[in-house]
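Only one structure is covered here, and it is reproduced in the block below.
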Amino acid sequence: MSITKQGILDALKQVIFFKKQNNIVDLGMVHELHVTGNQVRISVVFPELADPSVAIVVNSINKVLKTEFGNDITVDIKPMSEKELGKGPLAGVKNIIAVISGKGGVGKSTVAANLAIALSKAGKSVGILDADIMGPSVPIMLGVEGEKPGLIERDGKGIMIPLENYGIKILSIGFFVAANQALMWRGSMINNAFNQLMTDSEWGNLDYLVIDMPPGTGDIQLTLAQSYNIKGTVLVTTPQKIATADVRRAAMMYRQEKLVIPLLGIVENMSFFIPDDMPDKKYYIFGRGATDALASELDIPVLGRIPIVEKIVETGDNGRPISLDENSPVTRAFSDIASHVMKQVELLDTVNASN
């Protein structure tokens, strides 16, 4: 049987990319196709190469072509990422930084919002994605509560346009759920919502996309590690040993063999209390030392320490993060954290380039 390019394409329509519920030809995933005698070379483009479905599609291509054209056919398949080709919604995002914690209530969202502000003030183009599906708070903290992102149609598909405030692009599941509505979602629904926020959105060109992750080690954490190219994570804890024990579990999740994401460092929130009338006093009401011990154990730096200051709560509730206040010592703390994060990213880029 003569093997033709059109014959190969017709056969490949049997190969389904289940994430998008269509075949790889109609989805435009076949980037290059060369046929020489019984030798076939194919480049197939995927949103992310870390996606487990890449292996499923590759195996399916081999099986379909051998079934259609016999076992004498030689098939060379090269998976490629959309980012390699400058395609896809995240192609213009240079660095994705996930802000994680082992438990709720440690101020992870406060750190994520103020880190985004501090990076922007450092001259970087920044976006923030509120992936804390069960408790989205970024819209309140960044002053866009009650607003809705834009929507455009592209190739028959709805694409979200992030809101912007303080020079930062913002998306959150909170934009689509009423404030008094309880989210009773199973894992698949949570993952679908997260993937839509990540990939069905027009993020454009960003130096940093900060992701405010849900606490713990659940479905979204797994999806993030397996499906997206994450530059690194920022751990958030409070000084208590119980809090650092929880963040240790979250950190070790990303050091498993198949889920390796660099840990950029730890931010200790609620590190100490400073009374308004005694700005030179520090009271370590939650103890001290546990964060340093964990950082030493994980061999990562402490990126910064955020004090307990009433104004942090006030500014977050008022939708104007404290990092916008040039006179606050907390602003300087977040500026230092942003600087340390950028340095850690530069080190990673240098190491990756040398490899």
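Read-outs throughout are calculated quantities, based only on the coordinates presented, and are distinct from any laboratory measurement. Computed from a predicted structure; not experimentally measured. Note that each Cβ is placed from the backbone with ideal geometry, even for glycine, and that neighbours are counted across all protein chains shown.
Explain nothing, just the number: relative contact order of region 202-264, from Cα pairs under 8 Å at least 6 residues apart, as a whole percent. Relative contact order comes out at 34 percent.
Partners of Lys282 within straight-line reach, counting aspartates and glutamates whose Cα lies under 17 Å from its Cα and excluding those fewer than 8 residues away in the same chain: Glu268, Glu310. Defining a contact as two alpha carbons under 8 Å apart and six or more residues distant in sequence, what relative contact order in percent does the chain show? Once divided by the residue count of the chain, the mean separation gives 18 percent.
What residue among Thr291, Thr233, Thr36 shows peak mean-square fluctuation when the chain is described by a Gaussian network model with Cα springs under 10 Å? Highest fluctuation among the options: Thr36. Here Lys281 and Asn318 are evaluated by their C-beta separation; at R0 = 22 Å the FRET efficiency comes out at 0.25.
How much length, in nm to one decimal, is gained on full extension between Val177 and Arg41, taken as 0.36 nm per residue of separation minus their Cα-Cα distance? Each step should come with its number before you reach the end.
Working: separation 136, 0.36 × 136 = 48.96 nm, distance 4.65 nm.
Net length gain for the segment: 44.3 nm.
Assuming a ≥ b ≥ c are the square roots of the Cα gyration tensor eigenvalues, decide whether region 1-144 counts as rounded (a/c under 1.5), prolate (otherwise, with a/b larger than b/c) or oblate. Verdict is prolate for region 1-144.
Length gained on full extension, Glu297 to Ile161: 44.8 nm, using 0.36 nm per residue less the C-alpha separation.
If you plug the beta carbon distance of Thr74 and Ile16 into 1/(1 + (r/R0)^6) with R0 = 30 Å, you get a FRET efficiency near 0.80. Quick one: among Arg41, Arg332, Arg255, which has the greatest mean-square fluctuation in a GNM of the chain with alpha-carbon springs under 10 angstrom? Looking only at Arg41, Arg332, Arg255, the largest GNM fluctuation is found for Arg41.
What is the calculated FRET efficiency for Glu147 to Asn195, with r their C-beta to C-beta distance and R₀ = 25 Å, to the nearest 0.05? Provide the component values of the computation, followed by the final result.
Details: r = 22 Å, r/R0 = 0.90.
Plugging the Cβ-Cβ distance into 1/(1 + (r/R0)^6) gives 0.65.
Under a 5 Å amide H cut-off, with hydrogens placed 1.01 Å from N, Val44 pairs with His31, Lys78, Met80 among residues at least 5 apart or on other chains.
Summing charges over neighbours of Leu119, with a neighbour being any other residue whose Cβ is under 13 Å away from its Cβ, gives +4 when K and R count +1 and D and E count -1. Please give the helix 329-354 orientation as an angle from the longest Cα principal axis of the chain, in degrees from 0 to 90, rounded to the nearest 10. In the chain, helix 329-354 runs at an angle near 30 degrees to the longest axis. Hull volume per residue, based on the alpha-carbon atoms of the chain and their convex hull, is 148 Å³. Shape descriptor for region 1-63: Rg over Rh equals 0.96 (Cα atoms; Rh from the Kirkwood inverse mean 1/r). Per residue, the average separation of C-alpha pairs within less than 8 Å and at least 6 apart gives region 5-81 a relative contact order of 33 percent. Cross-link reach is defined here as a Cα-Cα straight distance under 26 Å, omitting same-chain residues fewer than 8 places apart; for Lys157 the lysines meeting it are Lys13, Lys19, Lys20, Lys83, Lys87, Lys94, Lys148, Lys169. Between Gln21, Gln344, Gln196, the GNM of the chain built on Cα springs shorter than 10 angstrom shows Gln21 fluctuating the most. As a rough footprinting exposure proxy, the listed residues Phe18, Phe69, Phe175, Phe273 were ranked by other beta carbons within 10 Å of their own, and the order from fewest upward is Phe18, Phe273, Phe69, Phe175.
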